[in-house]
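Asker: Here it is: the structure, laid out below.
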2 protein chains.
Amino acid sequence: MAISREATEKLAALLGERLSTTQAERDLHGGSETWHRAPPPDAVVWPVDTIEVAAILRIASAHRIPVIGWGTGTSLEGHALAVRGGISLDTSRMDRVIEIRPEDLQVTVQPGVTREALNRELRATGLFFPVDPGANASLGGMAATRASGTTAVRYGTMRDNVLGLEVVLADGRVIRTGSRAAKSSAGYDLTGLMVGSEGTLGIITELTLRLHGQPEEVAAAVCAFPTLEEAVECVTATIQSGIPMARIEFVDAGIARAFNRSAGTHLPEQPHLMVEFHGAKTSVASDADSFGAIAAEFGGAGFDWASTPEARNQLWRMRHGAYPAALALRPGATAVVTDVCVPMSHLAEAVSAAAADIAAEGLMGPIVGHVGDGNFHALLLIEPGNEVELTAAKRIATRMAERALDVGGTITGEHGVGIGKRALMTAEHGDGWQVMGAIKTALDPLGILNPGKLVPDAN
Amino acid sequence: MAISREATEKLAALLGERLSTTQAERDLHGGSETWHRAPPPDAVVWPVDTIEVAAILRIASAHRIPVIGWGTGTSLEGHALAVRGGISLDTSRMDRVIEIRPEDLQVTVQPGVTREALNRELRATGLFFPVDPGANASLGGMAATRASGTTAVRYGTMRDNVLGLEVVLADGRVIRTGSRAAKSSAGYDLTGLMVGSEGTLGIITELTLRLHGQPEEVAAAVCAFPTLEEAVECVTATIQSGIPMARIEFVDAGIARAFNRSAGTHLPEQPHLMVEFHGAKTSVASDADSFGAIAAEFGGAGFDWASTPEARNQLWRMRHGAYPAALALRPGATAVVTDVCVPMSHLAEAVSAAAADIAAEGLMGPIVGHVGDGNFHALLLIEPGNEVELTAAKRIATRMAERALDVGGTITGEHGVGIGKRALMTAEHGDGWQVMGAIKTALDPLGILNPGKLVPDAN
């Protein structure tokens with residue numbers, strides 16, 4: 001669907017050069033980091049404030065033009081693709097840290113601020129924002145997709161760290177959700193509803209976030225295990241023991257090989273855990289000792305402590321580089337990246353079953369995971385355009401999700417629904433998916449906000 | 001509105017003696033612990049399972065009869081009053097602990113299980129459910145009202161401790177929200193939407209809750225302060241210092257007097273903090289020392305450590321008895337109980353302003369609070385039927401809420417909206433309140449679920 005000349009003229013009058021319909025910009029905003037593909041949006045806009053976002057949505061409503069939020073384009077399930085055409089609303093020029101309130105452990109930001117930019121701003125305050133999905137995503141995008149990542153086991157996900165939002169609704173109305181208080185029981189939790197709604201209920205134009213004190217001491221380590229099962233069972237035992245892990249990440253032998261190739265490390269090509277402890281000096285030492293004892297029970301060996309900040313940064317840069325490193329295992333490949341989350345007591349069986357299934361399908365598909373939450377990902381490497389491989393990868397992803405549901409888990413722990421997981425929503429939610437559709441229709445009756453995503457099609 | 005004979009016959013056929021229209025039962029389910037009053041419901045039903053709840057709601061939908069959930073009747077803002085008549089749906093016979101899963105730190109319960117009953121069941125497991133609003137409320141009611149209380153500063157509110165729900169919708173459809181996984185990004189957070197919806201979106205028939213390990217060591221203490229301001233500033237400093245308080249409660253001089261009268265204690269009639277520390281032996285000792293040093297800076301004196309479980313239980317029984325103890329300060333009184341929640345940095349000024357306002361109005365109105373969250377309550381004692389006093393108390397409550405909003409806080413931290421705070425919802429949420437109404441209409445188009453509460457009247 002192209003945008004009418006009248007609508008384009010209105011947008012141009014509002015935004016001037018901050019509206020683009022060039023092929024280059026449209027293509028930039030029509031891409032995806034994974035295998036998902038769609039035609040590019042018809043136009044790209046770069047509003048600078050809430051008033052402009054509201055004006056854009058009023059124009060879009062009047063002309064029934066789809067509007068798709070765009071942060072940094074790092075989502076993995078095709079969330080930001082313009083599957084029904086329309087306008088890509090890029091928040092990168094709304095990148096102001098509005099107010100840091102250290103005494104309340106809070107910050108208010110515009111949605112285009114990235115998590116790394118925020119943490120640079122916070123450095124001098126002794127505070128930090130912990131949610132870390134790996135990519136240097138925008139905070140608006142992270143809220144919209146309920147991002148989590150390596151530190152969620154300790155600090156929670158975006159659900160736990162967004163206190164309040166300013167949101168522009170489909171018709172251009174602006175609402176404020178939540179407050180600066182630590183808790184509230186003043187009606188429906190609209191903040192929680194917006195977090196994870198993937199741009200289908202509104203465009204986030206401001207966020208108030210919880211901050212945390214920088215830990216006095218940080219210690220990180222990497223440790224090899226004889227088998228996948230032993231590594232994962234070590235995680236379950238660690239979490240059940242109550243050790244307050246700040247991070248506890250699993251990477252399989254394939255990822256260890258990928259790291260060695262791309263980062264020049266010399267890890268044994270075995271499953272590994274990468275862990276981090278935050279706290280007072282004494283408690284970090286005692287937590288690390290407790291973890292070491294559990295790891296030894298499961299055959300953990302070759303502990304490598306990253307005691308300096310540089311060594312730790314290298315460790316987590318390597319972990320965050322798992323995706324490109326894995327892609328490089330098969331030159332030219334793209335990936336079906338899929339994630340599930342299961343109760344801790346079912347984690348080992350779920351990871352083993354996924355690995356066995358990938359092997360049986362004959363694909364290369366390393367597994368990594370934020371396993372302290374029961375959350376793991378398979379990076380299924382396929383040849384672009386190879387339909388047989390794509391179909392096999394989708395079969396694997398579907399079976400991972402079905403097995404997660406069988407044990408009371410969820411079809412996605414953090415990657416979200418986008419277009420990739422819609423077909424599985426009924427299996428997880430039953431009539432609950434229709435309820436999501438009813439909420440969507442109530443808030444966006446014309447269906448202009450990120451259509452074709454998350455909710456049922458009828459809506 | 002009376003219930004038609006046809007509807008009554010259908011309910012009787014379904015429930016037999018578990019339907020009552022006697023005046024005694026109707027009155028029992030038409031009461032409120034505070035000043036809010038309404039005519040009793042037309043009937044009371046005691047379903048035993050989800051199937052019966054669904055059948056009740058189908059009958060209620062067919063005949064457009066209001067259905068109001070009833071847990072233990074301990075809400076403070078008139079949530080469970082049948083302001084438009086209808087059926088009081090009492091969940092007390094749905095009191096089964098369905099499954100404890102210690103390896104996942106989870107339990108699944110029916111909604112009529114009370115928090116004390118659950119913790120008795122859990123005792124042998126080494127786990128506990130921390131949310132503690134004081135009253136021995138039902139877990140279904142606690143979820144429906146987003147309860148929190150003394151331990152929220154450490155363990156969070158019901159928002160943080162409900163992983164999943166089974167909910168019967170207005171039309172009798174049954175949905176399951178959330179999962180047993182620690183996190184999910186599979187669509188809108190329907191669990192979060194239901195928690196705190198006060199029975200206006202559905203009837204909760206099953207809950208999956210997060211459990212926590214019983215701390216190795218618990219230490220509690222009570223400490224007097226020269227002035228209200230110093231006590232509250234001590235709290236702000238303590239929270240900002242990052243000491244992981246398990247409880248940090250404020251009671252004013254009036255409540256200290258009330259305790260002395262009703263519990264036979266000999267507290268100085270000054271403001272007090274009541275604190276509790278949870279953790280390993282060494283960390284509890286060091287946390288308590290750190291708190292002691294901060295308290296001393298603010299003139300805290302007369303530390304009384306409750307080292308035995310019996311002494312601790314007595315301390316918290318006394319705290320939980322603050323409401324009846326305060327009522328006894330003025331024999332025959334009822335109370336306008338109101339709560340607000342503000343950012344920590346504004347807590348001292350907010351509590352002082354409330355105290356000054358109560359004094360200026362000439363009412364007796366002790367103040368208590370879960371101050372570690374910035375949450376405090378005024379218990380405004382009035383003579384039943386005295387309209388002048390009632391009006392004065394409502395003025396005080398409104399001004400407390402308005403001052404909370406002025407500093408970015410919320411009109412209620414934990415007591416909820418019910419009928420008592422509806423008039424303030426626009427002040428807090430603006431168009432967001434209309435959004436809540438739109439969601440309500442989408443899920444309950446006939447408006448049979450707890451009508452007259454939380455959302456705008458048009459809905």
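Asker: How big is the charge dipole of the range A:217-318 about its Cα centre, in debye rounded to the nearest 20, if each Lys and Arg gets +1 on its Cβ and each Asp and Glu gets -1 on its Cβ?
Answerer: Details: 6 positive and 13 negative charges, 76 e Å.
Rounded to the nearest 20 debye, it is 360 debye.
Asker: In debye, nearest 20: dipole of chain A around its Cα centre with unit charges on the Cβ of K, R (+) and D, E (-)?
Answerer: 980
Asker: Nearest 0.05, what FRET efficiency do A:R64 and B:N260 give at R0 = 56 Å with Cβ-Cβ as r?
Answerer: Given R0 = 56 Å and the Cβ-Cβ separation, E is 0.25.
Asker: Okay, next question. Among A:G126, A:V53, B:Q240, which residue has its Cα positioned farthest towards the positive end of the charge dipole of the protein assembly as shown, with +1 placed on the Cβ of Lys and Arg, -1 on the Cβ of Asp and Glu, and the dipole taken about the Cα centre?
Answerer: A:V53
Asker: Additional query: Helix A:431-443 versus the longest principal axis of chain A: what angle, 0 to 90°, nearest 10, using Cα atoms?
Answerer: Its long axis makes an angle of about 40 degrees.
Asker: Measuring nothing but label to label, 7 Å from Cα along Cα→Cβ, what are A:A124's distances to the other copies in nm, shortest first?
Answerer: 6.0
Asker: P(r) of chain B in 20 Å steps, Cα pairs, percent per bin?
Answerer: In whole percents, the pair-distance histogram is 25, 57, 18, 0.
Asker: Each residue of the range B:22-29 in turn: what ³J(HN,Hα) in whole Hz from Karplus with 6.51, -1.76, 1.60 and θ = phi - 60°, glycine and Pro shown as x?
Answerer: So the Karplus estimates, Gly and Pro as x, are 5, 4, 4, 5, 4, 5, 4, 9 Hz.
Asker: Can you give the charge dipole size of the protein assembly as shown about its Cα centre, rounded to the nearest 20 debye, using +1 on the beta carbon of Lys and Arg and -1 on the beta carbon of Asp and Glu? Write out the running numbers ahead of the final one.
Answerer: Values: 76 positive and 106 negative charges, 284 e Å.
So the magnitude is around 1360 debye.
Asker: Looking only at the range A:296-318, which residues have a backbone nitrogen under 19 Å from a spot 7 Å from the Cα of A:N136 in the C-beta direction?
Answerer: A:310-318
Asker: Another one. How many square angstrom of accessible surface are buried between A and B, both sides summed, with a 1.4 Å probe and rounding to 100?
Answerer: Chains A and B together bury roughly 5200 Å² of accessible area.
Asker: Going from most exposed to least, what order do B:W433, B:W35 have by accessible area with a 1.4 Å probe?
Answerer: B:W35, B:W433
Asker: If Lys and Arg each add +1 and Asp and Glu each add -1, what is the summed charge of the other residues whose beta carbon sits under 12 Å from the beta carbon of A:A221?
Answerer: -3
Asker: With a ≥ b ≥ c taken as the square roots of the eigenvalues of the C-alpha gyration tensor of the range A:252-345, please select rounded if a/c is under 1.5 and otherwise prolate if a/b is larger than b/c or oblate if it is not?
Answerer: prolate
Asker: Using only the alpha-carbon atoms, how far is helix B:387-406 inclined from the longest principal axis of chain B? Give it as 0 to 90 degrees, nearest 10.
Answerer: 80
Asker: Projected area of the range B:191-350, taken from the Cα convex hull and averaged over every viewing direction, in nm²?
Answerer: For the range B:191-350, averaging the hull's shadow over all directions gives 12.0 nm².
Asker: Further question on the same structure: Tell me, what is the FRET efficiency for A:R330 and A:D289 to the nearest 0.05, using R0 = 51 angstrom and their Cβ-Cβ distance as r?
Answerer: The formula returns an efficiency of 0.80 here.
Asker: Under 8 Å for C-alpha pairs, at least 6 residues apart: give me the relative contact order for the range A:1-79, rounded to a whole percent. Before the final figure, lay out each step's value.
Answerer: Details: 75 pairs, mean separation 27.8, N = 79.
Relative contact order for the range A:1-79 comes out at 35 percent.
Asker: Okay, next question. In chain B, with Lys and Arg counted as +1 and Asp and Glu as -1 at Cβ, which of these residues, B:I448, B:G192, B:A62, has the Cα nearest the positive end of the dipole, that is, farthest along it?
Answerer: Most positive-ward Cα: B:A62.
Asker: Could I ask something else about it? What is the range B:87-189 by shape, rounded, prolate or oblate, if you read a ≥ b ≥ c off the alpha carbon gyration tensor as root eigenvalues and call it rounded for a/c under 1.5, prolate for a/b larger than b/c, and oblate otherwise?
Answerer: Values: a/c = 1.40, a/b = 1.15, b/c = 1.22.
Rounded, because the longest to shortest axis ratio a/c is under 1.5.
Asker: Pull up all non-local amide H partners of B:L163: gap of 5 or more, or a different chain, and H-to-H distance under 5 Å with H placed in the peptide plane.
Answerer: The answer is B:T208, B:L209, B:R210.
Asker: Taking a label point 7 Å out from Cα toward Cβ, give me the nm distances from B:R96 to the same spot in the other copies, shortest first, one decimal.
Answerer: Copy-to-copy label distances at B:R96, shortest first: 5.8 nm.
Asker: Mind checking which lysines have their C-alpha under 25 Å from A:K281, skipping anything on the same chain fewer than 8 residues away?
Answerer: B:K281
Asker: Rounded, prolate or oblate: pick one for the range B:324-459, where a ≥ b ≥ c are the square roots of the eigenvalues of its C-alpha gyration tensor, a/c under 1.5 means rounded, and failing that, prolate if a/b is larger than b/c, else oblate. Working shown, then result.
Answerer: Values: a/c = 2.30, a/b = 1.46, b/c = 1.58.
Since a/c reaches 1.5 but b/c is at least a/b, the shape of the range B:324-459 is classed as oblate.
Asker: Could you work out the helix-only [θ] at 222 nm for the protein assembly as shown, with each DSSP H run of four or more residues adding -39,500 (n - 2.57) and the total divided by the number of residues, to the nearest 500 deg cm²/dmol?
Answerer: Taking each H run of at least 4 residues, the total per residue is -11000 deg cm²/dmol.
Asker: Dimensions of the protein assembly as shown along principal axes (Cα, Å, largest first)?
Answerer: 82, 62, 58
Asker: Continuing with this model, one more query. Would you jot down the residues in the range A:175-199 that end up with at least 50 Å² less accessible area in the complete protein assembly than in the chain alone, with a 1.4 Å probe?
Answerer: Going by heavy-atom accessible area, the residues of the range A:175-199 that drop by at least 50 Å² are A:R180, A:K183, A:S184, A:S185, A:A186, A:G187, A:Y188, A:D189, A:L190, A:L193.
Asker: While we're here: For chain A, find the longest principal axis of its Cα atoms and tell me its angle to the long axis of helix A:347-361, 0 to 90°, nearest 10.
Answerer: The angle comes out near 80 degrees.
Asker: State the percentage of accessible surface on the range B:330-415 attributable to carbon and sulfur atoms; use a 1.4 Å probe and exclude ligands, DNA and RNA.
Answerer: 55
Asker: Would you list, by chain and number, the lysines whose Cα falls below 19 Å from the Cα of A:K421, excluding same-chain residues fewer than 8 positions away?
Answerer: Candidates past the 8-residue exclusion: A:K394, A:K440, A:K453, B:K183.
The values are calculated or read from the model by the stated rules, or taken from the named source; none is laboratory data. Model, not experiment: these values are computed from the prediction. Because the Cβ atoms are built from the backbone with ideal geometry, glycine has one as well, and the counts that use them run over all protein chains shown. Quick note on the areas: whole protein, heavy atoms, side chains included, nothing else; ligands and nucleic acids left out. Shrake-Rupley method; radii C 1.70, N 1.55, O 1.52, S 1.80 Å.
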